[in-house]
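The values are calculated or read from the model by the stated rules, or taken from the named source; none is laboratory data. No experiment lies behind these values; they were computed from the predicted model shown. Because the Cβ atoms are built from the backbone with ideal geometry, glycine has one as well, and the counts that use them run over all protein chains shown. The accessibility values were calculated without ligands, DNA or RNA, using every heavy atom of the protein model including side chains. Shrake-Rupley method; radii C 1.70, N 1.55, O 1.52, S 1.80 Å.
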Amino acid sequence: MGVQGALLLVLLLAACSRGVIVEQDGEGALLSSGAARGFWVGALNPHTGVGATWSFGDVRLCLTAPDLRPVVRSLEPASVVGQVRVAPIMVRNALRPPPQGSEPPQGYMERYRRRHIIGATRRIPPGLHEPNGWVVTTTCKDPWQPISEIVVTVTKTGPEGGGIDGIVVTYAWEGRLHRYTIPVDFGICGTGRFELSLGDPCPEDEASTATPAAPS
């Protein structure tokens, strides 16, 4: 077991004795509200056959106050539905598109092209990190600062398709473990019908229920 793994075990054991604080999004040190419902690649997309892999993002980890320093311990699917394989959920620094009508700082657009937030993409985004030990450092209010973006990668393993329903965030702050669930879902449509917390993401008469992805 590595140093990080041993540290996580110690923290989990401590949480068992003191209890994990289960909270709503934004009640503690972290906020993810405002994320889109997610992105499901439609069944009519030519790149959604069995074996197809997609990565999904644009789910953010933001501080609720600028002087806080919570440390992420794990990011896990709240549930997995259908015939898919979900890779370990990762996190990275990414840049947002400039606000409409704004003038980006010098060099921003070049950095944005290299590391922009994603909607859905068939490639694995660069700069991914394991969540354990990730320190969130921004409130996400400054549009020019990098944000902590959660990235979910899903592979379709059968014709039904499927995905994840919710992301469970566990983080350490002020000597305790905290946990909340982000109400967001991601996946790849197929023949299956799924009753998720936000409804069926794959209506039979639609190819996709999501907003357009950021450029890849």
Applying 1/(1 + (r/R0)^6) with R0 = 25 Å to the Cβ-Cβ distance of residue 198 and residue 69, what FRET efficiency is obtained, to the nearest 0.05?
0.20
I want to check the label-to-label distance for residue 142 and residue 110. Put each point 7 Å from Cα in the C-beta direction and report it in nm to one decimal.
2.1 nm
Residue 47 versus residue 24, label points 7 Å from Cα toward the beta carbon: distance in nm?
3.8 nm
Gap in Å between the Cα centre of segment 165-185 and the Cα centre of segment 75-121?
19 Å
Taking a probe of 1.4 angstrom, what is the accessible area of residue 47 in Å², to the nearest 10?
80 Å²
Going by accessible area, probe 1.4 Å, with all protein chains left in place, what is the ranking of 95, 128, largest first?
128, 95
Heads up, I need the accessible area for residue 174: 1.4 angstrom probe, whole protein in place, Å², nearest 10.
140 Å²
Solvent-accessible surface ranking, highest first, for 156, 141 at 1.4 angstrom
141, 156
Stretched fully, the stretch from residue 157 through residue 122 gains (0.36 nm per residue minus C-alpha distance, one decimal, in nm) 11.0 nm
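Tell me the net charge near residue 137. Cut-off is 12 Å between Cβ atoms, residue 137 excluded, with +1 for each Lys or Arg and -1 for each Asp or Glu.
Here the count lands on -1.
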Mind running the shape call on segment 75-216? Use the C-alpha gyration tensor, a ≥ b ≥ c as the square roots of the eigenvalues: rounded below 1.5 for a/c, prolate if a/b tops b/c, oblate otherwise.
oblate
